[in-house]
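The values are calculated or read from the model by the stated rules, or taken from the named source; none is laboratory data. This is a predicted model, so every value here is computed, not measured. Reconstructed Cβ throughout: ideal geometry from the backbone, glycine too, with neighbour counts over all protein chains shown.
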Amino acid sequence: MGAFENGIGKLFTDPDPDNARAFFRKKSREMKSKVMTVKEAVEKFVHDGEYLAIGGFGANRIPTAVCHEILRQGRKNMGFAGHTATHDFEILAAGKIFDRLDASYVVGLEARGLSPNARNYLQSGEVDVTEWSNYGLAARFRAAGMGVSFVPIRTTLGTETCKYGAGKIITCPFTGEPYLAVPALYPDVAAIHVHACDIYGNSQIKGISISDLDVARAAKRLIITTERIIHSDEIRREPNQTAIPYYLVDAVCEVPYGSYPGNMAYEYFSDEEHLREWMKVEKDPDAFKKFLDKNIYNCKSHFDYISINGGMEKMMKLRQKELLILAQEI
Amino acid sequence: MGAFENGIGKLFTDPDPDNARAFFRKKSREMKSKVMTVKEAVEKFVHDGEYLAIGGFGANRIPTAVCHEILRQGRKNMGFAGHTATHDFEILAAGKIFDRLDASYVVGLEARGLSPNARNYLQSGEVDVTEWSNYGLAARFRAAGMGVSFVPIRTTLGTETCKYGAGKIITCPFTGEPYLAVPALYPDVAAIHVHACDIYGNSQIKGISISDLDVARAAKRLIITTERIIHSDEIRREPNQTAIPYYLVDAVCEVPYGSYPGNMAYEYFSDEEHLREWMKVEKDPDAFKKFLDKNIYNCKSHFDYISINGGMEKMMKLRQKELLILAQEI
Amino acid sequence: MPDYNVMELMVCVASRELEEGASVGVGTGVPCAATMLAQKTHAPNLLIVFEAGGVAPLLPEMPISVGDSRTFYKGVMASGMVQIMETCARGTVDYTFLGGAQIDMYGNLNSTQIGFDHDRPKVRFPGSGGANDFASLCWRTMVVTPQDSRRFVEKCDFITTPGYLTGDDAREKAGLPKGCGPYRIITNMAVMDFEPVSKRMRIISINPGYSVEDVQKNCGFELLKADKIIETAPPTAEELRILREEVDPERYVIGR
Amino acid sequence: MPDYNVMELMVCVASRELEEGASVGVGTGVPCAATMLAQKTHAPNLLIVFEAGGVAPLLPEMPISVGDSRTFYKGVMASGMVQIMETCARGTVDYTFLGGAQIDMYGNLNSTQIGFDHDRPKVRFPGSGGANDFASLCWRTMVVTPQDSRRFVEKCDFITTPGYLTGDDAREKAGLPKGCGPYRIITNMAVMDFEPVSKRMRIISINPGYSVEDVQKNCGFELLKADKIIETAPPTAEELRILREEVDPERYVIGR
């Protein structure tokens, strides 16, 4: 560990904005319908070996359906941005879909504890891990969104989070002080779950945006899952409610309760019982395999997943809990 | 002019984030009422010799009342951020309140033409001018808002806008490509006009935000003028509508039609007739002096200014024009 | 052939350069008129962005400011300047239109001052505004301006906004994004592009009623000539009708 | 004197450090309980921010995630992570609470791994999350943790989050903002601060029922001692009532 050393971690993605510009130049800006199923979206836009980012915050406003579908379609050897990743990470680790990882928060589910399976996966040596802080990784998306190859930040300096990262120490030309330059992160593909969007992908998010506005701008291809598709007139009626504009979006998938078992602000609370079951069953490989078969591999879609986990009645209760009508644990 | 040269313009403000941090550490985070008159706000928070920034975009959502009051109180020797400055610049130049200027857009009023008086002032040699582009200056506010001393940008490189600026050329440690590092700009004081805020300063803006979110975060002291004060419960009902949080704000001034003669989206259109009169009368120094006396120096407040320019009847018509009820020029 | 004035010609010529599905960062006046005309003729899907934050408005009339409420009227997003400029920086904006008091053979523009003394300019103009940023970041910059040797100068008094700087690869060497720069210069007399290697301005099309000599006579530097110079197609009756009736009924632009 | 458990003691001690009008970046669990208790006792104006974007919520119950909907329930703003971290970077956030598997004498924290081989850690933990950022940027970092020599170690297996690094001025030299760093370490046995010059951990207060020797015995490195070590004031009946009835009625934190 040293104060003025560059990171020795691997840089898994190309930070050059001119290469990204060449890609974005060809990306369509046409306002055309992008509505498709999650299955189609993953087939079309998520490929083996590519680098993936997932929006939301762990078990809050996550595109669960996309994560499950990636497992069903058996994607492998991907890179993954483990930024505020909790239940999404748990799912993707269950499918061993990635072998290289930018890690800022992984393996854990916050106050709920740690995922035994995700932990084993990282301890197995099968995954190349480069370390970042949450802001470090958020700033990397931000740099990409800004169309530059790096931004300077003032965190992680002097720590092993920095040493095992891939940032570089630079000096401010004005103050002479050291900064950590973090390299732009342009994921090949990202998936983000939103409250509402139109058929073109113009998306509204209620509540916190976490890092999703930058993830959306940084990603070369973007899959939006949405609680509901709304008419484009609704978007145009309140243009400052648009969090993600259509020209960033490649696929629009309507997935009601799409963040389940995660929380969706103003819509439904997380299913803590189901999340506990996940972590518990991970301790027994056979039971975990059966659990994954039941909840992911043998499901055709997110509708199936919800229907075997309590269906509409459960969703209604989670909605009541979100709205503080049900104060008690369900 | 050269491709790899640093700017030779003066840097008027300190970009060091540690000095700014020392200031912000002491700034109150208490949620207390900050309601006062524009006169009080300018007395308290705008001082001779300090550096000023004005929100909005020229003649759109500008804090006109603050600009007028600064003239009435006779502020001098200020620094000014001429970022997307049009009618606000015209007012402040009329009072010769600044003698140093970061200029990205000044003197002009877009399609309306140029301000003869502002132009003369800049041609007089009385003002030190450092050049930037609009994004360059916006990025300087952004750097300050990020709490760092600079950000890298890819514009103005190789031009005299860069040469007569105060940026410095740096090299990306990842790609080896040159960037322009623009220094953080922390204004001593800024004024921003908003659609609504509570007594603590939590502010909502409808429509485009221009650079105001960054200006608000960069400024050491912030005066908010607002079309209307709303109850704090309204703010808390839709927390993702809050553009500026209360802890950035020092003064809350309720100023209906506060952007007049500028445009306020969803509220009232600009008074093009009055703006034309301004520019026309500037050509005759005596007439201009009388015009300023009438419209600024002899007015006690923005209410007076509005009342001598058509009062409520005029405001109603500008509102109809904004809402496209009156399609024709009034 | 219908009768038309110089502004109408230039707006029509400019609008034809904007292909369906492209994106354009526009200002008030001619750029806006050309873009609206393109949307109402051959490119309904043209994405318009305004530097102050407006994205894809349904423009009810010509904006008077690039930040006025028209620029995001029923838009798909009302964002901010940094968001728009970053969208350009990411390579998502294809075209922009700019102007200036002076332009040189490499398409560099001056909108800052007349005179060489920065402390005491003879005439002060607004400065860059968003022009330098758009020209630095959008793929193709277009300029619509009268052909006049006081405007087309050997050397700008001040380079506000980059064209190809000193030509060849100077632009990329300075650190500006690769592969973008001035694309078309549209005047009352001609249309110019830039020769791919030297990056010098080159006549590619002459407007009806003018000759190559007219253009050169009204230009302060030597223009290159394309191998085959064509005649600019005049506005069609349909273009003029839409321009006059739907785009600019108040004649804000075409009445100048 | 009322009866209380260790968690209740630590939460009460932590809450008293938060003065009226201060701001605090909090996580779930103890930090949140301490902050809510402070708001309901002596510091109603305490500004809470959550790393995912929530600002000043009216917390209806303890959040289960720093990004769940409770963290911006009736908040004054629902922003994003970059906005919160930048608010910390600008010097607007006074306190943060952190934890970790290991802590050393300079207050450096490990929440990444046990074992020294980064490619094959013996035990993998979540990593920094927002911890490094909060510790880098907030003025004063507090740690609430059990006193245990496997936790208080001579050398962290991995420094996830900066304390004073190698002591003295190492933290500022590394480029971290000036004048901030670890402030209080609150355990079941004692309260520690950091000696101003060496930046080494120092006992300033001993909890009821423990001795300096107990603390040292349960610490893997030598602790400095303040000139005057006081006895930590136990929770008051009123603190306990509010903590048990209003802050954590489900005993999520105090029942651990």
Task: Residues satisfying the stated conditions in the stretch A:167-207, i.e. free of Cβ contacts under 8 Å to residues at least 12 places away in the same chain, more than 7 Å from every other protein chain (Cβ to nearest Cβ) and either part of a strand (DSSP E or B) or touching a helix residue (DSSP H, G or I) at 6+ places or on another chain (Cβ under 9 Å) (or both) - done: A:THR171
TODO: Give, as residue ranges, the helices (runs of 4 or more DSSP H) completely inside the stretch A:221-293 that count at least 1 residues that are crowded, with 19+ Cβ neighbours inside 10 Å, modelled with pLDDT of 95 or more and in contact with a Phe, Trp or Tyr (Cβ under 6 Å, 6 or more places away or on another chain).
DONE: A:272-281
Task: Wholly within the stretch A:13-73, helices (runs of 4 or more DSSP H) carrying at least 1 residues that are farther than 20 Å from A:GLU227 by Cβ and within 14 Å of chain C (Cβ to nearest Cβ) - done: A:17-26
- [ ] Mind listing just one residue for me: the one in the stretch B:1-12 that is touching a strand residue (DSSP E or B) at 6+ places or on another chain (Cβ under 8 Å) and of a type in the set (A, V, I, L, M) and, of those, farthest from the other protein chains (Cβ to nearest Cβ)?
- [x] B:LEU11
- [ ] Find the residue count for the stretch B:105-125, including only residues that are surrounded by fewer than 20 Cβ atoms within 10 Å (Cβ to Cβ), closer than 17 Å to C:ALA131 by Cα and not aliphatic (A, V, I, L, M).
- [x] 1
- [ ] State all residues of the stretch B:113-138 that are touching a Ser or Thr at 6+ places or on another chain (Cβ under 9 Å) and either part of a loop (DSSP other than H, G, I, E, B) or within 7 Å of chain C (Cβ to nearest Cβ) (or both); if no residue qualifies, say none.
- [x] B:SER115, B:GLU131, B:TRP132, B:SER133, B:ASN134, B:TYR135, B:ALA138
- [ ] For the stretch D:105-222, please list each of the helices (runs of 4 or more DSSP H) lying entirely inside it that holds at least 2 residues being on the phi < 0 side of the Ramachandran plot and within 14 Å of the chain's Cα centre (by Cα).
- [x] D:131-137
Open item on the list: For the stretch C:223-256, give me the residue count where each residue is touching a Pro at 6+ places or on another chain (Cβ under 6 Å) and assigned to a loop (DSSP other than H, G, I, E, B).
Closed with: 1
Task: Which numbered condition A:GLU90 misses (of (1) touching a helix residue (DSSP H, G or I) at 6+ places or on another chain (Cβ under 7 Å); (2) more than 13 Å from every other protein chain (Cβ to nearest Cβ)) - done: (2)
Task: Single residue of the stretch A:237-265 satisfying the filter (out of contact with any helix residue (DSSP H, G or I) (no Cβ under 7 Å at 6 or more places or on another chain) and touching a residue at least 60 places away in the same chain (Cβ under 8 Å)) that is nearest to A:PRO187 (Cα to Cα) - done: A:VAL249
Open item on the list: Of the conditions (1) under 27 Å from C:ILE114 (Cα atoms); (2) surrounded by fewer than 20 Cβ atoms within 10 Å (Cβ to Cβ), C:SER205 satisfies every one except a single condition; which number is it?
Closed with: (1)
- [ ] Could you list, in sequence order, all residues of the stretch D:201-256 that are more than 20 Å from D:ALA38 (Cβ to Cβ) and among the aliphatic types (A, V, I, L, M)?
- [x] D:MET201, D:ILE203, D:ILE206, D:VAL212, D:VAL215, D:LEU223, D:LEU224, D:ALA226, D:ILE229, D:ILE230
- [ ] Tell me, yes or no, whether the stretch D:84-95 has at least one residue that is among the β-branched types (Val, Ile, Thr) and within 16 Å of A:LYS206 (Cβ to Cβ).
- [x] no
TODO: Name every residue in the stretch D:156-188 that is farther than 25 Å from A:PRO178 by Cβ and surrounded by fewer than 24 Cβ atoms within 10 Å (Cβ to Cβ), in order of residue number.
DONE: D:ASP157, D:ARG184, D:ASN188
TODO: Might you check whether a residue that is over 19 Å from the mean Cα position of the chain (by Cα), without any contact (Cβ under 8 Å) to a residue 24 or more places away in the chain, crowded, with 24+ Cβ neighbours inside 10 Å and part of a loop (DSSP other than H, G, I, E, B) occurs anywhere in the stretch D:37-54?
DONE: no
Open item on the list: Tell me yes or no: at least one residue of the stretch C:115-134 is under 26 Å from C:CYS12 (Cα atoms), within 14 Å of chain A (Cβ to nearest Cβ) and touching a residue at least 12 places away in the same chain (Cβ under 8 Å).
Closed with: yes
- [ ] Among the residues of the stretch B:23-62, write down those that are of a type outside the set (Gly, Ala, Ser) and on the phi > 0 side of the Ramachandran plot.
- [x] B:ARG61
Task: Within the stretch B:96-112, considering residues that are over 18 Å from C:VAL26 (Cβ atoms) and among the acidic types (Asp, Glu), the one farthest from the other protein chains (Cβ to nearest Cβ) - done: B:ASP99
- [ ] Run D:GLU61 past the list (1) assigned to a helix (DSSP H, G or I); (2) farther than 26 Å from D:ARG90 by Cβ and report the number of the one that doesn't hold.
- [x] (1)
